[in-house]
Amino acid sequence: PYRSSDDVVAAEMAIGHLRALGHQKIGMVLGPRDHIPSRRKLDTFLASPEADPELVEHTMFSLEGGHAAATRLVKQGVTGIVCASDILALGAIRAVRRAGLTVPGDVSVIGYDDSAMMNCTDPPLTTVRQPIDAMGRAAVDMLVALIERAVVPADELLFEPELVVRASTARLRT
């Protein structure tokens with residue numbers, strides 16, 4: 001059994017937010033291909049009729065990885081980037097700026113996790129927050145039950161994420 005944030009809902013929230021702002025050419029920066037949460041986000045993205053598989057980049061979870069992946073997406077003319085972590089999103093913002101563009105004026109960027117200090121970045125990062133406290137309590141409760149030899153369902157327990165809108169996303173300029 002395991003506990004996790006609902007990656008499908010997270011991707012739907014992020015993509016839906018960008019689409020509501022008028023973005024049509026949206027790219028994704030994801031973790032390695034074998035990273036299950038990234039695969040779930042990718043499947044959700046590709047299920048959209050407007051999705052372009054050429055606008056998906058896989059990389060390691062690092063500032064440099066996000067920068068390199070987003071550089072390729074910016075060259076393809078994306079106006080919105082959804083990242084599988086906040087650190088990837090910070091790398092994406094750096095790539096947008098190094099291309100002579102602005103966030104969110106030219107490209108909107110969304111992260112994932114709502115890591116500490118994301119409201120202090122420039123611009124403050126729009127991100128999908130995982131309910132870490134609730135997930136942690138559920139995991140501890142599950143472990144205690146297992147230690148006590150209680151029957152624990154082998155299902156995955158999914159927790160609802162929350163879109164936290166800050167200043168790294170804006171309506172697409174026409």
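What the table shows:
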item: Simple spin-label estimate for Ala99 and Asp34 in nanometres, 7 Å along Cα-Cβ; result: 3.0
item: Amide proton proximity set for Thr59, modelled H, under 5 Å, gap of 5+; result: Leu30, Gly31
item: Residue-level accessible surface for Val56, protein heavy atoms, 1.4 Å, Å²; result: 20
item: Solvent accessible area, Å² - Arg129, 1.4 Å probe, full protein context; result: 80
item: Label-to-label distance, nm, for residues given as Glu156 and Asp122 (7 Å Cα→Cβ offset); result: 3.9
item: Theoretical FRET efficiency, 1/(1+(r/R0)^6), r = Cβ-Cβ of Ser4 and Lys25, R0 35 Å, to 0.05; result: 0.75
item: Under Karplus coefficients 6.51, -1.76 and 1.60, residue-wise ³J(HN,Hα) of the stretch 126-132 in Hz, glycine/proline x; result: 6, 8, 9, 8, 8, x, 4
item: Net charge of neighbours whose Cβ lies under 14 Å from the Cβ of Arg40, counting Lys and Arg as +1 and Asp and Glu as -1; result: -3
item: Ala167-Glu54 pseudo-label distance in nm [points 7 Å out on the Cα-to-Cβ vector]; result: 3.5
item: Stretchable slack from Asp141 to Ser62, in nm (0.36 nm times residue separation minus alpha-carbon distance); result: 25.3 nm
item: Under the Karplus curve 6.51 cos²θ - 1.76 cosθ + 1.60, θ = phi - 60°, whole-Hz ³J(HN,Hα) for the stretch 146-155, x wherever Gly or Pro sits; result: 5, 4, 7, 6, 6, 6, 10, x, 7, 6
item: Asp43/Arg149 FRET efficiency (R0 41 Å; Cβ-Cβ; nearest 0.05); result: 0.70
item: Test item: Cα-centred dipole of the chain, Lys/Arg +1 and Asp/Glu -1 on Cβ, debye; result: 680
item: Global form of the stretch 39-95, assessed from the alpha-carbon gyration tensor, a/c cut-off 1.5; result: oblate
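The values are calculated or read from the model by the stated rules, or taken from the named source; none is laboratory data. All of these numbers come straight from a predicted model, not from anything done at the bench. Note that we place each Cβ from the backbone using ideal geometry, even for glycine, and neighbour counts take in every protein chain shown. Areas reflect the complete protein model, heavy atoms only, side chains present, ligands, DNA and RNA absent. Shrake-Rupley method; radii C 1.70, N 1.55, O 1.52, S 1.80 Å.
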